[in-house]
Amino acid sequence: MSEAREAGGSRVMSEAMTARTDSKAPRPRNAADTKKRILDAAEAEFAAKGFDGTRLGNIARTAGVQQALIHHYFDDKSGLYRETVDRALGAMSTEGWDILARTVSAVGKSSRSKPAQKLDKKNVRPLVEAFIELLQRFFTEHGHILAIVRHEASSGSELARDIVRTRVKPVVDAITAYLDALKGSGDVRGDVDVRQLAIAAMGMVAFPLMEHGLTRWVWPIEPRDKSFLDGARAEIVETLLARMLP
C-alpha cells in the first residue's frame with residue numbers, strides 16, 4: 001500500500017510539474033492580433049503626444065510586445081504612424097466607395113477613378129443619408145485619429161495629409177462630381193455650391209461630437225447616444241435636401 005501511495009504521489013507531482021511547464025510555454029504568435037495591439041496602442045499614443053512626442057518604447061509596453069516587433073512589422077516610427085492613420089481612413093474610404101456603388105451605380109474598384117454614374121435625383125436621398133451616417137460613425141469612433149490630424153495640422157507636418165488626399169479626397173471628389181452633374185440636369189438646384197454644402201454637412205455632424213462638453217452645457221443631451229445621433233442625422237439630411245433639391 002505504501003508503494004501504491006508513493007506511486008500515486010509521484011504521478012500527481014509529475015502532472016503538476018508538467019502543467020507548470022506548459023503554462024510557461026510561449027504562446028504561438030498571432031501576427032494579425034499583434035499588429036492590431038500595436039496599432040491600437042500607437043493610435044492612443046500619437047493622439048496624446050503627436051508624432052514628435054511619441055516614443056516607440058511606450059507603444060511597445062502598452063501593446064505588450066518587444067520594441068523589435070514594431071520595427072519588424074512597420075520599419076520605423078514613420079511607417080507605424082502612416083499605417084495607424086491609414087487603417088482608419090482606409091476603412092472610411094472603402095465604405096465610401098461602397099456607398100457610391102449602392103446609390104450612384106459607381107462600379108468596382110477598378111473603375112473608381114471614373115465611376116459610372118446614373119444621373120437620377122432619386123439617388124440623392126439615399127446617398128446623403130448613407131454619408132451622414134458614415135460621418136457620424138467616424139467622428140464617434142475615431143476621436144484618436146481626429147486628434148492625430150489636429151496635432152499634425154498645428155505642427156506643419158504632412159504625413160497624414162498625404163493619406164487624406166490618397167484615401168478620402170477621391171471619394172469626396174466623386175460625390176462632388178455626381179452632384180455637380182445633377183446641377184447640370186436640373187435635378188439639384190443650380191445655385192448650390194456643393195463644396196460649401198459638404199463642409200457645412202461635416203460641421204453639423206462634427207460639432208456636437210467634438211465639442212460634446214459645450215453641447216451638454218447648453219442642452220441636457222448626450223451627443224453620443226443613439227437617440228441623439230438618429231435625431232441629428234434626420235435633421236441634417238432634411239436640411240441638406242431642402243437646400244439641394246428644386
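A few remarks follow.
- Total residues in the range 191-212, condition assigned to a loop (DSSP other than H, G, I, E, B) and under 22 Å from A177 (Cβ atoms): 3
- Qualifying position, being part of a helix (DSSP H, G or I), under 29 Å from G53 (Cα atoms) and of a type in the set (S, T, Y), among T215, T176, T166: T166
To keep it simple, each residue is scored yes or no on (1) touching a Lys or Arg at 6+ places or on another chain (Cβ under 9 Å); (2) assigned to a helix (DSSP H, G or I); (3) more than 15 Å from S157 (Cβ to Cβ).
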site: A41; (1), (2), (3): yes, yes, yes
site: F46; (1), (2), (3): no, yes, no
site: N58; (1), (2), (3): yes, yes, yes
site: T62; (1), (2), (3): yes, yes, yes
site: H71; (1), (2), (3): no, yes, yes
site: M92; (1), (2), (3): yes, yes, yes
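- Restricting the range 189-225 to residues that are over 18 Å from I132 (Cβ atoms) and aromatic (F, W, Y) leaves a set whose member that is surrounded by the fewest Cβ atoms within 10 Å (Cβ to Cβ) is W217.
- Looking only at the range 79-116, residues that are modelled with pLDDT of 60 or more, among the small types (G, A, S) and closer than 14 Å to K169 by Cβ come to 3 in all.
- Residues in the range 145-184 that are polar (S, T, N, Q) and more than 22 Å from I99 (Cα to Cα): S154, S155, S157.
- Within the range 187-208, the set of residues being of a type in the set (A, V, I, L, M) and under 20 Å from V168 (Cα atoms) comprises V194, L197, A198, I199, A200, A201, M202, M204, V205, A206.
- Subset tally (residues that are part of a helix (DSSP H, G or I) and either farther than 17 Å from R125 by Cα or hydrophobic (A, V, I, L, M, F, W, C) (or both)) for the range 218-236: 8
- Of note, R189 satisfies the criterion of being farther than 30 Å from A41 by Cβ and either touching a Pro at 6+ places or on another chain (Cβ under 6 Å) or free of Cβ contacts under 8 Å to residues at least 24 places away in the same chain (or both).
The values are calculated or read from the model by the stated rules, or taken from the named source; none is laboratory data. What you see is a predicted model, and the numbers here were worked out from it, not measured in a lab. Backbone-built Cβ (ideal geometry, glycine too); neighbour counts: all protein chains shown.
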